[in-house]
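Peer 1: Got a structure here, written out as structure tokens. Questions coming.
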Amino acid sequence: MALTADPEGGREAMESGRPDTSSLAEALLRYVNARSAALIEARRVLRINELDARALLFVADHPGTRPGMLSSYLGISSAGVTTLIDRLVERGAVRRDVDAADRRVNRLTLTIDLAAAPWSELTRFDDAFNVAANAGDLDAGRQFATTLDAFTDAATAASR
């Protein structure tokens, strides 16, 4: 089922006592599409694929992560994550370090600064969105986030 705004459906929803969420669904779809387009452009500029971009962002958020954790996050095999890590190491974006406590374990560390060009392209949209969100009513933003989480949880539960 596609998410689209339906002006007629909004009236029906209000008459039936259900809230009109078509504008919310439309706004969320616009956000998702804009963010997706920004990430596609960032990957094009950086000449990396989607998995590489997701891996870089994960390692940035989880310094010292193990390849197995990255594999689980990305949903790829251990052989696939090894190839991906080799590619990022070769590119100079990630470093493998041997764990001091267990020499059989590798830890991954980002060697690039995602806040600096050209890598900042990966987070440009999110950074700009956060600036805009923080410029608004922070209480309303927190309330919206709580409401959106509740809607997401309800939709997830209902769709299983």
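The values are calculated or read from the model by the stated rules, or taken from the named source; none is laboratory data. Since this is a predicted model, take the numbers as computed values, not measurements. In this analysis, Cβ positions are derived from the backbone assuming ideal geometry, glycine residues included, and neighbour counts consider all displayed protein chains. Areas reflect the complete protein model, heavy atoms only, side chains present, ligands, DNA and RNA absent. Shrake-Rupley method; radii C 1.70, N 1.55, O 1.52, S 1.80 Å.
Peer 1: Of the conditions (1) in a helix (DSSP H, G or I); (2) over 30 Å from Phe151 (Cα atoms); (3) in contact with a Gly (Cβ under 8 Å, 6 or more places away or on another chain), Ala79 clears all except one; give me its number.
Peer 2: (3)
Peer 1: Among the numbered criteria (1) within 28 Å of Val32 (Cα to Cα); (2) exposed (fewer than 15 other Cβ atoms within 10 Å of the Cβ); (3) not hydrophobic (A, V, I, L, M, F, W, C), which single criterion is violated by Thr123?
Peer 2: (2)
Peer 1: Of everything in the range 103-116, what is within 18 Å of Ser78 (Cβ to Cβ) and open to solvent by 90 Å² or more (accessible area, probe 1.4 Å)? Give them in sequence order.
Peer 2: Taking the range 103-116 and keeping what is within 18 Å of Ser78 (Cβ to Cβ), we get 104-108.
Hit for the range 103-116 is Arg104, nothing else.
Peer 1: Is it true that some residue in the range 100-119 is touching a residue at least 60 places away in the same chain (Cβ under 8 Å) and either farther than 16 Å from Phe58 by Cβ or out of contact with any Gly (no Cβ under 7 Å at 6 or more places or on another chain) (or both)? I'd like the intermediate steps shown before the answer.
Peer 2: Initially, the range 100-119 is screened for residues touching a residue at least 60 places away in the same chain (Cβ under 8 Å), giving 118-119.
Imposing the further condition that a residue be either farther than 16 Å from Phe58 by Cβ or out of contact with any Gly (no Cβ under 7 Å at 6 or more places or on another chain) (or both) reduces the set to 118-119.
Yes; the residues of the range 100-119 include at least one that is touching a residue at least 60 places away in the same chain (Cβ under 8 Å) and either farther than 16 Å from Phe58 by Cβ or out of contact with any Gly (no Cβ under 7 Å at 6 or more places or on another chain) (or both).
Peer 1: Would you be able to tell me the number of residues in the range 81-102 that are open to solvent by 80 Å² or more (accessible area, probe 1.4 Å), modelled with pLDDT of 95 or more and under 18 Å from Ala116 (Cβ atoms)?
Peer 2: 1
Peer 1: Within the range 33-46, can you find the residues that are within 14 Å of the chain's Cα centre (by Cα) and open to solvent by less than 80 Å² (accessible area, probe 1.4 Å)? Give the steps one after another, and end with the answer.
Peer 2: Keep residues of the range 33-46 that are within 14 Å of the chain's Cα centre (by Cα), which gives 33-40, 42-43.
Of everything in the range 33-46, those that are within 14 Å of the chain's Cα centre (by Cα) and open to solvent by less than 80 Å² (accessible area, probe 1.4 Å) turn out to be Ala34, Arg35, Ser36, Ala37, Ala38, Leu39, Ala42, Arg43.
Peer 1: Scan the helices (runs of 4 or more DSSP H) fully inside the range 1-71 and keep the ones with 1 or more residues being basic (Lys, Arg) and modelled with pLDDT of 80 or more.
Peer 2: Numbers: elements: 7-15, 22-46, 50-61.
Where helices (runs of 4 or more DSSP H) fall fully within the range 1-71 and carry at least 1 residues being basic (Lys, Arg) and modelled with pLDDT of 80 or more, they are 22-46, 50-61.
Peer 1: To continue, here is another question. Within the range 94-110, can one find any residue that is among the hydroxyl-bearing types (Ser, Thr, Tyr) and within 20 Å of Arg47 (Cα to Cα)? Write out each step before concluding.
Peer 2: Here is the first cut: in the range 94-110, the ones among the hydroxyl-bearing types (Ser, Thr, Tyr) are 109.
Keeping just the survivors that are within 20 Å of Arg47 (Cα to Cα) gives none.
Taking every residue of the range 94-110 in turn, none turns out to be among the hydroxyl-bearing types (Ser, Thr, Tyr) and within 20 Å of Arg47 (Cα to Cα).
Peer 1: Continuing with the same structure: Could you check how many residues of the range 126-139 are open to solvent by 50 Å² or more (accessible area, probe 1.4 Å), within 25 Å of Arg44 (Cβ to Cβ) and charged (D, E, K, R)?
Peer 2: 1
Peer 1: Within the range 94-149, which residues are of a type in the set (Gly, Ala, Ser) and assigned to a loop (DSSP other than H, G, I, E, B)? Step through it out loud before you land on a result.
Peer 2: Keep residues of the range 94-149 that are of a type in the set (Gly, Ala, Ser), which gives 100-101, 115-117, 120, 128, 132-133, 135-136, 140-141, 145.
Ala100, Ala101, Ala115, Ala116, Ala117, Gly136 - these are the residues of the range 94-149 that are of a type in the set (Gly, Ala, Ser) and assigned to a loop (DSSP other than H, G, I, E, B).
Peer 1: Looking only at the range 61-80, count every residue that is under 19 Å from Ile112 (Cα atoms) and either open to solvent by 70 Å² or more (accessible area, probe 1.4 Å) or among the β-branched types (Val, Ile, Thr) (or both) and tell me the total.
Peer 2: Within the range 61-80, the first condition is being under 19 Å from Ile112 (Cα atoms), and the residues that meet it are 61-67, 70.
Checking which are either open to solvent by 70 Å² or more (accessible area, probe 1.4 Å) or among the β-branched types (Val, Ile, Thr) (or both) leaves us with 61-63, 65-66.
Here the count works out to 5.
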